[in-house]
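The values are calculated or read from the model by the stated rules, or taken from the named source; none is laboratory data. Here the structure is a predicted model, which means the values were calculated and not measured. With ideal geometry, Cβ positions are generated from the backbone for all residues, glycine too; neighbour counts draw on all protein chains shown. All accessible areas refer to the heavy atoms of the entire protein, side chains included, with ligands and DNA or RNA removed. Shrake-Rupley method; radii C 1.70, N 1.55, O 1.52, S 1.80 Å.
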Amino acid sequence: MGGEAHSNMLVAKDYPTLAAGPVGKQIHSIYQSRLRQFVDGGQYREQGLVGKLNEAVASGTDWVKLAVYSPPKLARPLFKDATLHAFHPTKVGESFGPSWSTHWFKVQLTVPKDMLEKEHLEFVWDADNEGLIWTEDGHTVHGLTGGGERTQWILPKAFRDGKEHTFYIEMACNGMFGNAPGGDSIQPPAPDRYYTLHTAEIVAVNLEARALYFDFWEISDAAREFPEDSTQAHDAQQIGNRIIDTFIAGSGSDESIKAARKIAKEYVGESDTHKVYDSDQEAIVTGIGYCHIDTCWLWPFDETKRKVNRSWSNQCDLIDRYPELRFCCSQAQQYKWLEQYYPSTFDRVKKKVKEGSFQPIGGSWVEHDTNLPGGESLIRQFLYGQRYFESKFGQRCKTFWLPDTFGYSTQLPQICRISGMTRFLTQKLSWNNINTFPHTTFNWVALDNSQVICHMPPSETYTCEANFGDVKRSVTQHKSLDQDKSSLLVFGKGDGGGGPTWQHLEKLRRCRGISDKTGLLPRIKLGDSADDFFDRLEKKVENGTELVTWYGELYFELHRGTYTTQSNNKRNNRRSEIMLRDLEYLATLATIKNGFGKKSSYKYPKKDIDDMWENVLLCQFHDCLPGSSIEMCYDDSDRIYAEVFATGERLLSDALSELGFDDESSLTSDSKLVALNTLPWRRGEVVKLPSTARQVKYGLAHSNGSDSLGAMSVSPLASPYSASTASIKEIRTNIFELRNTQFVVQVTNGAITSLYDISADRELIPKGQKAAQLVIFDDKPLYWQAWDVELYHLKSRQELEPSKVTIAEDSIHRVSLEIETMISDKSWIKTTISLSAAVGTAPTAVEIDAEIEWHETMRFLKVEFPVDIVNTEASYETQFGIVRRPTHYNTTWDMAKFEVCVHKWADLSEATYGVSILNDSRYGFAVAGNVMRLSLLRSPKAPDAHADMGNHKTRYAIFPHKGPLDERTVRKAFEFNNPLKIVGHKAGTPGTEGPSLLNSFHIHGADNLVIDTIKRGEDDEDVSRGELPVKKGHSVILRVYDALGGKSKGVLTWGELDVKKVVKINALEDEIEEVGVVDVEGEGQGGGKGAKIEVRAFEVASYKLVLE
């Protein structure tokens, strides 16, 4: 019992009796630091492994002859044009510039005889800037990054003949991150940077030494990054030191390198090829290559076109060399640029897509901002993106891919689902600077209860360097391990492009080897796509895995300044969205009127509309619209928007002409005026008449009985439809009273000190407080100037006092008070507070027009509205719905929302009364307690030193309303942003009395439902441009949404149009189900036919009306 001998135990035959000498304990930190020395490029470079990586180098004009052509005026000519010009001799050591210039090099290369038989030859080029290698016959080969990164090109075997071979290099005088001076990439670019060509040589590489380098890199990382109390960390340190000792003992010979590699295999395993991924052991990390190319940022759009070619040609080459690589890239716009400017590279990409190694992903036109674009813009991002991918590659995207945008709108899950996508990838919330987002993999739920699976890679980057630590963090930072332990590792150089490198792939092979051989490191697998990863997740959910849910917006606790920076750009976005809505509606009616081309030559201007939309969508890129790009980008976007507006005005004029109207430019004093209402409800307003057509300044626009979506009569104000009067007077010194039949407004020293609702008998401004008060703040965020505003800026609040207050207008139709305020000796603001006469019971608002001359530095201008309303939540319009956010700072999550995004209105209401603040082009807002605050202008100095400098015009309004928030605010904000358009009847055209084509589409019985878009079907036979199969017949697409958050039933009617059937469709215009057409006689809808529709709370529902 307990005394048995075990004869099979291994024992030493003769353990030494005497000690051979002292042996000390390794000092852990010293032996760990020694590991870095072995691969360091410092003082021991030639004695370590780095000195053995190259076997031979050939440089100089005997082997590498150079000539250059430098295009003038910062031109970026394509290959065919550039190579027609004369090239002049140049050499290593010469400098090229200035910033943003292009230089084409003709390279004539001869491999020396003593290098012809070397195993592996590379051409190395480095001028610390970006470049691209072209073959002699004009095909792209390989992108160059510079600065020691992506500088090598493997020479073709055909070059090993001792003869001279020619190729070209296109040099771009910018680094991967533009031309910022002094190493701080977000500073405005220097205009005069020059780049020195310091390397142009042929190198013979010792592949065994290179392989050891990567073995040793991962082993030394394991020694440093595995837990210090793990055997794996100690084993890695011992093996690393044994490798060094072996190398030293063999004087760095090839034999010692091979011996060292043998030791390395004890830790990283036997395979260093793609076959390392062939084992059937479970891998919980999926590695996916990705190349994030900002469509503009620290470089202009035109440079992005070249970045795409550089980056993607590299990936096609890398896929051939590393068959495990699965590469994904988003942004249909970038694919289209490649197709237009670099067709041979596009053909290579198409081939890789067909093979499954290059994956179009994301489904959107660009990686757009999601806070600022309107709802229809978000849908068009997917409509145009998905249609492009389907037309060029025969497939739609299933995964929305948006890793780098500054917060995520609450309706995105719904818009994804109606656009054919069920999953979403991002990671930007890992940048939060107040609260840590609690999930990695979860179900994200929209306002209407639609959901997508969302995954945020736990390595917390979309530009992962594929290091040991990145793989390790895929578990250690995973916040959803209780539900699912799998994750994506998204690796590759990014922001400025590039994508995965061969170094990344070599490192990941070793990481997988360590997982299989040694353990502890999460096992990574390459060879699957991002969709494969999400497919597995969806299957797990189907089989019972319960993911946690996150309801509502993914608010980003950083970059809050992007709601305001570059306000002119944001104003252009709003204007273009409204213009496109009107244009599609009027063009749709024009094609119906002319029988789809049978009665006149007018045709739906699909190409022009597509071009306009693609330009607007392009400018919604997540560094353009938010205001975080360099000045050159906004020079570009100004030109793009000018083109959009010019095209839009021409097309609107064409559509109006087809419908029988003259636009404003054709009006005369004899014109019969009509107010064009493109909104789907009745309006009655006092309108300012065009100077060319008026004998009086104002007229009354009114409907004729029924709800009117179309042409409204313009009558003299003294008519049966007369508006009541407005008045203004100075009641005491510098105290003015503006009054109509609904409100009495008192303005003291330029600010509203009283706003009294007559019928409700309610004062809205708390005693002693001032509304429409301009305030200015010091605005110095921690680092990201154009992006950020920090909570502490609120402590620097200063009120601006006016210098002059005068009555600007005093008529019975409209009264105005003009207030001039000096902001500084360089900046001023002129605000005009106006009150119009009320038209019947139509609600009015206190409107404020502001003209601002702005030349400040790091200051933030806002306007405040304290109101006598108490609620712990305020409501903000978002795309197709409402976001409710706290007005208090109870928790850090509440406090983090000290500046939020708004669209056309924000509202603070009690059960019995509320106040809405409307705007025509602003997006930053806050409600703290009872103070509503609209952000007007910022003045950051990086990355655009002149951001927002100059003259600005904007409008905002106070809209009080009896009762809680309802459709009155929604409609008033639409009207504020869509002024009635005054046009004239052409001679001989019928009037607007009675049923009219312009009064066709309505929803009855549900005031919360809004017809937001009216357009033609994308593939109708008279509309299609042929990119996808043509659908016979003619159709009208209506987009409807619930604006208030209530499930609703209504009747959709279309007047006298001959509608054959009504089909509910998704955002891509795929048919879902037919909706029955019913007779609406006797239901108060004016007779005719209609369709009964049911819309969920905050649902976006689209319908196709198929016409006879």
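So the values come out like this:
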read-out: Search result, residues across segment 171-219 that are of a type in the set (D, E) and buried (at least 21 other Cβ atoms within 10 Å of the Cβ); value: D215, E218
read-out: Residue within segment 103-113 that is in a strand (DSSP E or B) and among the charged types (D, E, K, R) present; value: yes
read-out: In segment 614-629, residue surrounded by the fewest Cβ atoms within 10 Å (Cβ to Cβ) [restricted to those that are part of a loop (DSSP other than H, G, I, E, B) and of a type in the set (S, T, N, Q)]; value: Q620
read-out: Condition check for R682: touching an Asp or Glu at 6+ places or on another chain (Cβ under 9 Å), surrounded by fewer than 20 Cβ atoms within 10 Å (Cβ to Cβ) and assigned to a loop (DSSP other than H, G, I, E, B); value: yes
read-out: The listed residue being open to solvent by 20 Å² or more (accessible area, probe 1.4 Å), touching a residue at least 12 places away in the same chain (Cβ under 8 Å) and closer than 19 Å to N977 by Cα, out of P886, P843; value: P843
read-out: Every residue from segment 708-732 that is at pLDDT below 95 and open to solvent by 50 Å² or more (accessible area, probe 1.4 Å); value: P716, A718, P720, Y721, S722, T725
read-out: Some residue of segment 488-510 being touching a residue at least 12 places away in the same chain (Cβ under 8 Å), farther than 22 Å from C316 by Cα and assigned to a helix (DSSP H, G or I); value: yes
read-out: Pairs with Cβ under 8 Å, 6+ apart, first in segment 65-92 and at positive phi, second surrounded by 12 or more Cβ atoms within 10 Å (Cβ to Cβ) and modelled with pLDDT of 95 or more; value: L74/W100; L74/S101; L74/T102
read-out: Index of the failed condition, E967 passing every other in (1) in contact with an Asp or Glu (Cβ under 7 Å, 6 or more places away or on another chain); (2) more than 22 Å from S759 (Cα to Cα); (3) open to solvent by 10 Å² or more (accessible area, probe 1.4 Å); value: (2)
read-out: Answer from V445, V490 - the residue that is surrounded by fewer than 23 Cβ atoms within 10 Å (Cβ to Cβ), of a type in the set (A, V, I, L, M, F, W, C) and within 23 Å of the chain's Cα centre (by Cα); value: V445
read-out: Top-ranked residue in segment 779-793 [being surrounded by fewer than 16 Cβ atoms within 10 Å (Cβ to Cβ) and not in a loop (DSSP other than H, G, I, E, B); ranked as nearest to the chain's Cα centre (by Cα)]; value: L791
read-out: Where Y277 falls short, out of the listed (1) in contact with a Lys or Arg (Cβ under 7 Å, 6 or more places away or on another chain); (2) part of a loop (DSSP other than H, G, I, E, B); value: (2)
read-out: Subset of segment 126-138 [among the hydrophobic types (A, V, I, L, M, F, W, C), open to solvent by less than 10 Å² (accessible area, probe 1.4 Å) and touching a residue at least 40 places away in the same chain (Cβ under 8 Å)]; value: A127, L132
read-out: Qualifying position, being buried (at least 17 other Cβ atoms within 10 Å of the Cβ) and at pLDDT below 95, among V111, V141, V107; value: V141
read-out: Residue match in segment 1050-1069 (condition: within 22 Å of Q381 (Cα to Cα), without any contact (Cβ under 8 Å) to a residue 12 or more places away in the chain and not assigned by the TED database to the domain that holds K593); value: no
read-out: In segment 566-595, the residues that are open to solvent by 10 Å² or more (accessible area, probe 1.4 Å) and over 18 Å from G375 (Cα atoms); value: Q566, N568, I592, K593, G595
read-out: Counted residues, segment 114-125 - those being open to solvent by 20 Å² or more (accessible area, probe 1.4 Å) and over 46 Å from the mean Cα position of the chain (by Cα); value: 4
read-out: Index of the failed condition, S344 passing every other in (1) in contact (Cβ under 8 Å) with a residue 60 or more places away in the chain; (2) buried (at least 22 other Cβ atoms within 10 Å of the Cβ); value: (2)
read-out: Residue match in segment 7-17 (condition: of a type in the set (V, I, T), at pLDDT 95 or above and at negative phi); value: no
read-out: Pair list, Cβ under 6 Å, 6 or more apart: segment 758-773 residue at negative phi, other residue charged (D, E, K, R) and part of a loop (DSSP other than H, G, I, E, B); value: L764/D868; P766/D868
read-out: Candidates E557, E546 - the one that is open to solvent by less than 10 Å² (accessible area, probe 1.4 Å) and assigned to a loop (DSSP other than H, G, I, E, B); value: E557
read-out: Verdict on L936 being touching a Phe, Trp or Tyr at 6+ places or on another chain (Cβ under 6 Å), closer than 23 Å to I578 by Cα and not small (G, A, S); value: no
read-out: Residues (out of contact with any helix residue (DSSP H, G or I) (no Cβ under 6 Å at 6 or more places or on another chain) and either open to solvent by less than 10 Å² (accessible area, probe 1.4 Å) or aliphatic (A, V, I, L, M) (or both)) located in segment 406-423; value: G407, Y408, S409, T410, Q411, L412, P413, Q414, C416, I418, M421
read-out: Every residue from segment 61-74 that is open to solvent by 40 Å² or more (accessible area, probe 1.4 Å) and not acidic (D, E); value: T61, W63, K65, S70, P72, K73, L74
read-out: Counted residues, segment 1038-1075 - those being in contact with a Phe, Trp or Tyr (Cβ under 9 Å, 6 or more places away or on another chain) and of a type in the set (S, T, N, Q); value: 1
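Conditions (1) open to solvent by less than 10 Å² (accessible area, probe 1.4 Å); (2) within 22 Å of the chain's Cα centre (by Cα); (3) assigned by the TED database to the domain that holds D611; (4) among the basic types (K, R), marked per residue:
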residue: Q334; (1), (2), (3), (4): yes, yes, no, no
residue: K354; (1), (2), (3), (4): no, no, no, yes
residue: I361; (1), (2), (3), (4): yes, yes, no, no
residue: W365; (1), (2), (3), (4): yes, yes, no, no
residue: N371; (1), (2), (3), (4): no, yes, no, no
residue: L378; (1), (2), (3), (4): yes, yes, no, no
residue: Q381; (1), (2), (3), (4): yes, yes, no, no
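Yes/no per residue for (1) buried (at least 17 other Cβ atoms within 10 Å of the Cβ); (2) outside any helix (DSSP H, G or I); (3) out of contact with any Asp or Glu (no Cβ under 9 Å at 6 or more places or on another chain):
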| position | (1), (2), (3) |
| --- | --- |
| V452 | yes, yes, yes |
| K472 | yes, no, no |
| S515 | yes, no, yes |
| L537 | yes, no, no |
